[in-house]
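Data block below; observations after.
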Amino acid sequence: MTDASLQKIAATYGTPTFVFDTDALQARVRAIQAIWGREIDLCYSIKANPFLLPAMMQVTARLEVCSPGELSLCESLHAADARVIYSGVNKTPVDIARAVADGVGTCTAESLLQLRYLQDAARKAAKRLPVLLRLNAGSQFGMSKEDLFTALAHRRETPDLEFIGIHYFVGTQRKKLVNQQKELAMLRELYAEIEQTFGLRLPELEYGPGLAGPYFTDTLSPAKDLAPALREVSSWVHLTVEMGRFYTAECGYYLTTAMDCKDHGGQHYCIVDGGMNHLNYLGQIMGMKRPHLRHFAARAASVQDWTLCGSLCTTNDVLVRSMPLAGLCPGDLLVFENTGAYSVTEGLGLFLSRDLPQVILWQNGTPHPVRSETPTYPINTPAV
């Protein structure tokens, strides 16, 4: 977005404010699709930023839902349908029954117990339910290979479930290509073993590569580097690539205003009207790295190193530990870039009962407010 557009939004709507450029977002997703090819489906993990769901519905084939609340989001936007992959480590029978009634396309099974829940829901709804068996990757998510094979060996006990493939996701911000390549090779061997052992050829693979988001660099190179391995996989199975951060991070801007500037023993501190309760993105590391930041100064002056702090009553509220800025003074606008993923929902929103920032979508060169500044004190007020 241009400097002029960001300054105009700040002048019109005030700060703190999140702005998400959905035009840039969709262009990035289309670029990723072009790099990987149309034969590979893209899936958007809604948790990365629910405000981007309407835009992402237009450019991705699938939507990953991980909670009843996210399913409600999809219901509100008339998207709780065959596009949805209903995931999540804690799906209750009530959650599953609701998803099945909505007509979601696929559910993941995180355990043998979840398989029983899925079978009961499918039987009661008189539906055949497509299921992805989630393979554990060293965390609390998914089931062991042994349990996965148990599910396949006893699939006659789940006659209303159709095992269509495997769901595999290790983690996020993963920068070493060799790890994804090893995982995809392992998955190919696993699919071959399943076919040999059970006579079952699984047609689908849902894979989350966890590509590193562009916080301190801006590049599509991880997608380009992984493309040959993904294309090879798509030659033997229908592949869906699930991501959130890598799609959305660079479309976001966080607008905040310098409220106070002071020196303590030669250290320059600036207090802004936002803070870590709003701005929280992986890689920030307590302000130890320098994010992409635009400073709109009211006056010219020499460059000084500033510690940018939020408004919370905690020493942890440091957005940037050392940022060289020229002429910083109260009233200046600061714009943090690459805040499109997680910041808007992952911050300590209720801490100190400060208001949640407003949210604006930038579409076709026009701002569209989608959430006003929202008080949090009612949520923190005890009933008497």
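Coordinate-derived values only; no laboratory data. Being a predicted model, the structure only gives us computed values, none of them experimental. Note that each Cβ is placed from the backbone with ideal geometry, even for glycine, and that neighbours are counted across all protein chains shown.
Side notes on the structure shown:
- Using the Karplus relation 6.51 cos²θ - 1.76 cosθ + 1.60 with θ = phi - 60°, the per-residue 3J(HN,Hα) values for the stretch 255-260 come to 9, 9, 10, 5, 9, 8 Hz, with x marking Gly and Pro.
- Pairs over the 30 Å Cα-Cα cut-off, from the set Lys47/Lys182; Lys127/Lys182; Lys8/Lys262: Lys127/Lys182.
- The Rg/Rh ratio for the stretch 22-249, using Cα coordinates for both the radius of gyration and the Kirkwood hydrodynamic radius, is 0.95.
- Rg over Rh, two decimals, the stretch 6-64 (C-alpha only, Kirkwood Rh): 1.09
- J(HN,Hα) series, the stretch 89-94, from Karplus relation 6.51 cos²θ - 1.76 cosθ + 1.60, nearest Hz, glycine and proline x: 6, 10, 9, 7, x, 5
- Computed over the stretch 1-144, relative contact order equals 15 percent, with contacts defined as Cα pairs under 8 Å that lie 6+ residues apart.
- The chain: relative contact order in percent, alpha carbon pairs under 8 Å with at least 6 residues between: 18
- Total charge dipole magnitude, the stretch 194-264, about the Cα centre, Cβ charges on Lys, Arg, Asp, Glu only, Debye to nearest 20: 120
- Net +/- balance of residues flanking Val104 in space, Cβ distance below 14 Å, scoring K and R +1, D and E -1: -2
- Each label was represented as a point 7 Å from its Cα along the Cα-to-Cβ direction; for Ala383 and Asn90 these points are 2.1 nm apart.
- Over the stretch 311-366, the reciprocal of the mean inverse Cα-Cα separation, the Kirkwood hydrodynamic radius, stands at 14.4 Å.
- Sequence ranges 93-99, 77-83, ranked by mean other-Cβ count within 10 angstrom, highest first: 93-99, 77-83
- Estimated distance in nm for a label pair at Asp120 and Ala326, the labels positioned 7 Å out from Cα along Cα-to-Cβ: 6.7
- Principal axis dimensions, largest first and in whole angstrom, of the stretch 105-237 by Cα: 50, 30, 24
- Put a dot 7 Å past the Cα of Asp81, heading toward its Cβ, do the same for Arg30, and the two dots end up 2.2 nm apart.
- Rounded to the nearest 20, the Cβ-based charge dipole of the chain about its Cα centre (Lys and Arg +1, Asp and Glu -1) stands at 300 debye.
- Contact order normalised by residue count of the stretch 22-249, Cα under 8 Å, 6+ apart, percent: 22
- Sorted peptide list for 306-313, 354-361, criterion being average Cβ within 10 angstrom, highest first: 354-361, 306-313
- Neighbour-count ranking [beta-carbon atoms within 10 angstrom, fewest first] of Val384, Val131, Val89: Val384, Val89, Val131
- Virtual paramagnetic centre 7 Å along Cα→Cβ of Arg371, amide N under 20 Å, in the stretch 21-51: 21-26, 44-51
- Debye intensity ratio in log₁₀ form over the Cα atoms of the chain, taken at each q of 0.10, 0.11 Å⁻¹: -0.71, -0.83
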